[in-house]
Amino acid sequence: MRTECFEALAAHRAAGRSCALVTRLADGAQALVAPDGASGELAPTAEQLAEIAGLLAAGTSAPLASDAGLFVRSYVAAPRLLVVGAVHIAQFLAAMARMAGYEVTVIDPRRAFASADRFPGVTLTDEWPDEALARLAPDARTAVVTLAHDPKLDDPALAAALRSPAFYVGALGSRRTHARRIERLAAEGLADLLGRIHAPVGLDLGGRSPAEIAVSVLAQVIQVRHRGAP
Amino acid sequence: MATELDEIFDRIAAWRREGTGVALATVVRTWGSSPRPAGSHLAVAETGAFVGSVSGGCIEGAVIGEAQAAIADGRPRLLEFGVSDEQAWAVGLACGGRVQVLVERVG
């Protein structure tokens, strides 16, 4: 890989832009295909560029179907996890989700909770959840989990998440808590969307400690991302 | 703590800043039950230090050796690993899959 190719690739990744590296396996010649065009030693045809765009959109790395001698490595932005409530479970969930490749943001306007001491190296915001979600605009690569256990924080976040294309929406709370939550959100005109909320949140692993609950939540996020909602 | 891919790119950049030669290995094709999907990276420094993975650990030793050779001569290599043959102590995949790995020098 030529120096200019590595540096361009690193710059696209650092800027959060998707790009594809195309390599001719016979001799290692390469082209970098980015939204602003292709550069490098190879000049993919229009048909090949269309196939590369399809692989990139799906986040798939594979040889081209039309020419198995060309390997396409898709580099796409990491999935995101937005956690509402900088509570004890969130401390474990943020760390574990980062290990699993998620870009994590923890949202809590209570600064004593959302402190850098409690969340070393994690992106924190003390915005109100509805403001934070409006700014962060959950997309189809985003999961939203509410853990605050306080309707003032959780409900606005859930309302915003349900109206977004987020691939996963989960809410901590018992069945009774969730039943009351459903009533409140239905009163806000969200009745048709409430089935999207995973609650009680997480896979039923039987654990009760904050770390064990974090494992069950992350496991469910991963399951829904790869297998779809059950 | 960064994601796996961030860590790989950061380490390559750091090695290059130090003037250390680097090679990147990439899984380009898999058959059967292989441990890491196409696109998985293993970055190797000329010192033999490495980050990432292209298998469950079974072929990394051989890939690191080829990566150091690629750093030395600059030629990319396309390697293929199949089922391990315990009699011959050959490098292979215990899971019974087959993988093709591209190894290229960076820079």
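The values are calculated or read from the model by the stated rules, or taken from the named source; none is laboratory data. Keep in mind the model is a prediction, meaning the values are calculated, not measured. Cβ: placed from backbone, ideal geometry, glycine included. Neighbour counts: every protein chain shown. With ligands, DNA and RNA removed, areas are computed over all heavy atoms of the protein, side chains included. Shrake-Rupley method; radii C 1.70, N 1.55, O 1.52, S 1.80 Å.
Restricted to segment B:22-37, and to residues there that are open to solvent by 30 Å² or more (accessible area, probe 1.4 Å) and in contact with a Pro (Cβ under 9 Å, 6 or more places away or on another chain), the residue that is farthest from the other protein chains (Cβ to nearest Cβ) is B:Thr30.
Residues in segment A:45-65 that are of a type in the set (Ser, Thr, Tyr) and within 12 Å of chain B (Cβ to nearest Cβ) were compared, and the one that is surrounded by the most Cβ atoms within 10 Å (Cβ to Cβ) is A:Ser61.
Go through the residues of segment A:21-40 one by one and say whether even a single one is within 17 Å of the chain's Cα centre (by Cα), crowded, with 16+ Cβ neighbours inside 10 Å and facing chain B (nearest Cβ under 10 Å). Scanning segment A:21-40, I find no residue that is within 17 Å of the chain's Cα centre (by Cα), crowded, with 16+ Cβ neighbours inside 10 Å and facing chain B (nearest Cβ under 10 Å), so the answer is no.
When segment A:57-74 is filtered for residues that are within 18 Å of the chain's Cα centre (by Cα) and modelled with pLDDT of 95 or more, only A:Ser74 remains. Scanning segment A:209-230 for residues that are in a loop (DSSP other than H, G, I, E, B) and either open to solvent by less than 70 Å² (accessible area, probe 1.4 Å) or among the small types (Gly, Ala, Ser) (or both) returns A:Ser209, A:Gly228, A:Ala229. Any chance segment A:66-77 includes a residue that's of a type in the set (D, E, K, R) and either open to solvent by less than 20 Å² (accessible area, probe 1.4 Å) or touching a residue at least 40 places away in the same chain (Cβ under 8 Å) (or both)? Checking segment A:66-77: at least one residue is of a type in the set (D, E, K, R) and either open to solvent by less than 20 Å² (accessible area, probe 1.4 Å) or touching a residue at least 40 places away in the same chain (Cβ under 8 Å) (or both).
Filter segment A:190-208 down to the residues that are open to solvent by 80 Å² or more (accessible area, probe 1.4 Å) and part of a loop (DSSP other than H, G, I, E, B) and list them by number. Those that are open to solvent by 80 Å² or more (accessible area, probe 1.4 Å) and part of a loop (DSSP other than H, G, I, E, B): A:Asp204, A:Leu205, A:Arg208.
Based on this model, can you work out whether A:Ala86 counts as within 10 Å of chain B (Cβ to nearest Cβ), over 21 Å from B:Arg11 (Cβ atoms) and open to solvent by less than 20 Å² (accessible area, probe 1.4 Å)? Against the criterion (within 10 Å of chain B (Cβ to nearest Cβ), over 21 Å from B:Arg11 (Cβ atoms) and open to solvent by less than 20 Å² (accessible area, probe 1.4 Å)), A:Ala86 does not qualify.
Cβ-Cβ contacts under 9 Å between residues 6 or more apart (or on different chains), taken from a first residue in segment A:114-133 that is assigned by TED's automatic domain parsing to the domain that holds A:Phe92 to a second residue that is polar (S, T, N, Q) and in a loop (DSSP other than H, G, I, E, B), are listed as A:Leu124/A:Ser115; A:Leu133/A:Ser164.
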